[in-house]
Every structure is written in structure tokens, then in C-alpha cells.
1. Using a 1.4 angstrom probe on the protein heavy atoms only, could you order Ile152, Ile422 from most to least accessible area?
2. Using DSSP to define loop residues, name the GluC sites (Glu not before Pro) in the range 49-146 whose beta-carbon has at most 16 other beta-carbon atoms within 10 Å.
3. Could you give me the ³J(HN,Hα) list for the range 175-184, computed from phi with Karplus coefficients 6.51, -1.76, 1.60 and θ = phi - 60°, whole Hz, x at Gly and Pro?
4. Over the range 172-303, what lengths in whole Å, largest first, do the semi-axes of the equivalent ellipsoid take, defined as the square roots of 5 times the eigenvalues of the alpha-carbon gyration tensor?
5. Kindly point out which whole DSSP H helices in the chain project their C-alpha atoms 18 angstrom or further along the helix axis while averaging a Kyte-Doolittle hydropathy of -0.5 or above.
6. Which of the GluC sites (Glu not before Pro) found in the range 320-423 are loop residues per DSSP with 16 or fewer other Cβ atoms within 10 Å of their Cβ?
7. Size of the dipole of the range 362-412 about the Cα centre, Lys and Arg at +1 and Asp and Glu at -1 on the beta carbon, nothing else charged, in debye to 20?
8. Choose one of His174, Phe292, Gly112: the residue whose Cα lies farthest towards the positive end of the charge dipole of the chain (beta-carbon charges +1 Lys, Arg; -1 Asp, Glu; about the Cα centre).
Amino acid sequence: MSKPSQSSRTRIGRRSLLKLAAAAGGGMMFDAIARAGEPPSPPADPSWSQSLGAGVDDRPYGKPADFEAGVIRRNVPWLTAGTESSVSFAPLQSLHGIITPNGLFFARHHGGRADIDPDQHRLMIHGLVERPLILTMNDIMRFPSTSRVYFIECAANGGMEWRSAQLNSLQFTHGMISCSEWTGVKLSTLLDEVGIKKEAKWVMAEGADAAHMNRSIPLSKCLDDCLVVYAQNGEALRPEQGYPLRLVVPGWEGNISIKWLRRIKVGDKPWYSREETSKYTDLMQDGTARGFTWQIDAKSVITFPCPEMPLQKPGFCEIRGLAWTGNGKVKRVDVSTDGGMNWQTATLHEPVLSKALTRFSLPWHWDGKPALLESRVIDETGYLQPTMAELRKQRGTNSVYHNNSIQTWQVKPDGKVFDVQIA
């Protein structure tokens, strides 16, 4: 059979592009002919394909392309007195899929990053147990392993937005959340090994950082789905994520997922540590505080368009975002382009996992006029993500933690996007 001519191949390609544009609602346009001054289009060869590239030994540990140098974690300098007790935010606007690369996973420290020799690290399990143990890393890695995909979100994610829209940035309003595949040992397996006494009801987990970060956790949660992990996304934990060992408490505020894990104590009551009394409690309008509000309620955010990723021109685009819930699985996500007056059901993209990030999208033809973009999630328990007004009515404006309100992005006629709040 003879090959088709160059002209016929060109016509087939153009027809395919037209079909794709029609499938997208007629709004997507493709430029088939290169404009003057632009790089040559195939089949012409650009300069980088006319000479040999670097060999495999050039980068023994892979890193992103130089053109992606701006995709990094970022800190808000005025947020804390120093970086030793601060946070670097994940660039949600530049990420794809539900897994956060290890080098972009948000980082929160309370006493600076601990750099630990794994051969010297120990995990002590004691308290109301039958057989107290001190385990080396080699000991821990001999236990049966498991891998699970879970998100971790700082309870203060969005905390600067309680009173007004302050930071015109998706990275800074929502970047204290990330999602990984975690590999390690079930905490229940380790507790079985030491034998829990019948009067035990609580567990205290403590880190080896300078803050000796610690939190009280109900024993029932520890026996359910908590993991003691040593690997993240297929490689050993990074130092800023708790190397060589950390706790992962799925669906609960990230502060409880103790990094640099060194001690687990079993007791009959909570310890009421600094991080669960003066910190990580929800201050209410009347001055009282809610304690032990561990669970992350359902939340979502549109990641495109957003302040860092504006619209370039009117026409077809795909609204994209992320949704999550500590209650289990995301059931549905709705999207509004008019500030919540009307809603359309978005498409959820597989995999939809329990206590993990879920991708959603909705085709949209932007007419170039102002718009107010919002998303709201409903989880499998029926919980509906609230508006900021609803959340303030319930809790006032004194809080810092657990802001899971609907985010509003204002799209201007020039395509720029701004963080706003609707009264």
C-alpha cells in the first residue's frame, strides 16, 4: 500500500483538529499555520533536535526542567517571626493530578527542620502497654508494610482569610495541603506488638524536633487507619517531611501527623499539650474555644483559572480544581460562574479515594465578561461545603483554624483573577 501524500496527511490532521474543536463546544481554536517569528512547526526541526543532548549521568538524581524553575514552595515572610516556626506553601496552581511531588509538598515546622541519622534514631512505645519497646529503623522496616494515598492539610490553611480576602494567590490561600502515597507500618500493628492494657484510651505521639512536637490522639483512631511511615511517593521521606519516620493521621489536621516520630505513649486520658490548648483550638465569637476539632471537613478550590493562572482570551477553557474531605470520599462537586446563583455539576476524575485529593473539571465558554467562580463539594456523608458567611455566622471571625469555606475568584474582562469574598 502506498503512503499518503504530504498534502493528504495535512488535510487529515486539520480535520482531526476541527473535530476536536467541535467536541470542545466549538470554542477551542487551533492555529495550524505558524506565525511569522515563531519557532518552526513540525516537520521542521528546531535547534534542540539537531544535536545530541546530555547523557544519563548528567543528572543522577532527576530534577525539573530549567523552564519550570518558578514552580516552588513559597513562604510568607511576615507570617511568623522566623522560618524555624513557619510554613512553605505548595504551588497548587502549577500541579497536575492528585499526587504532590516530594520537593513541592508543603512544609510546616515548629522548631526548625530536624536532620537525623537514621541509624541513631529510635522509636519508643511505652505507657499502658504490656511490653514496652524501643525500635530501630531496621526493626520497624521488618514489620509488614502498607501503602496508602492520603492528603495532609494544616488546620491553618486559609486562616488568614477569616476576616477578609488578604492574599491574592491560590498558593497562599490554599497551599497548606498536599497529597502523597505513604508507605510504612500500620500503627495498630505496632500497638498489637506491645499489647495495649484494657484501661488505655489515648495515645500521645511526640517528635524528635527541637519543639518536641506532641499531640494526644484517641486510641480508636490509632487502631483505625493511622500509619507510621518511612517513605513517600516511592522514596524515603524528605527531611522536611519527617525523615526518617513520621506519623500520618488520615483526614485529621496535619499538626497531629507528627514528624520525626520518636515516642508513642499510651494512656487513659489526653495530655492537653501546648499544641491542643493554646494552639490548634478554634476560638469562637464569645471568647470560648473548641478543643479537639481534629477532622478536616469537606473543602474544594478552583485551581484554574486562579490569580497565578489567569485567562488569556475569551473562548473555551476547562475549569479545574481539587476537592477533599476528612470524612471519606468526595461524592460531588458543583461549580458556579456567577457567584453561587447557579450551579453545574463538575466531572470527578478517577481515582476518587478516601481522604485523598480528588480532581474535578467543568467545560466553560468564557465570553470575556466579568465572572465569579466558585466550587462547592459534597462528601459521602452528605456534608456540604459552607460559604464564608455561613461559617462566620457559626464561629465568628476570631478563629484561625479549619476555614473550609467556598473560595470565590473574580475574573475581570482582561482575564486577570482576584481573591474576593461575597458578603
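1. Details: Ile152 10, Ile422 70 Å².
Order by accessible area, largest first: Ile422, Ile152.
2. Numbers: sites: Glu68, Glu84, Glu130; in loops: Glu130.
Here the sparse-neighbourhood loop sites are Glu130.
3. x, 9, 9, 8, 9, 9, 8, 9, 10, x
4. Working: eigenvalues 107, 94, 39 Å².
Working from the Cα gyration tensor, I get semi-axes of 23, 22, 14 Å.
5. On the way: long enough: 6-23 (26 Å, -0.42).
Those that clear 18 Å and a mean of -0.5 are 6-23.
6. On the way: sites: Glu374, Glu380, Glu390; in loops: Glu380.
In loop regions of the range 320-423 (DSSP not H, G, I, E or B), the sparsely surrounded GluC sites (Glu not before Pro) are Glu380.
7. Numbers: 6 positive and 5 negative charges, 58 e Å.
That gives the range 362-412 a dipole magnitude of about 280 debye.
8. His174
The values are calculated or read from the model by the stated rules, or taken from the named source; none is laboratory data. Computed from a predicted structure; not experimentally measured. In this analysis, Cβ positions are derived from the backbone assuming ideal geometry, glycine residues included, and neighbour counts consider all displayed protein chains. Side chains included, ligands, DNA and RNA excluded: accessible areas come from the protein's heavy atoms. Shrake-Rupley method; radii C 1.70, N 1.55, O 1.52, S 1.80 Å.
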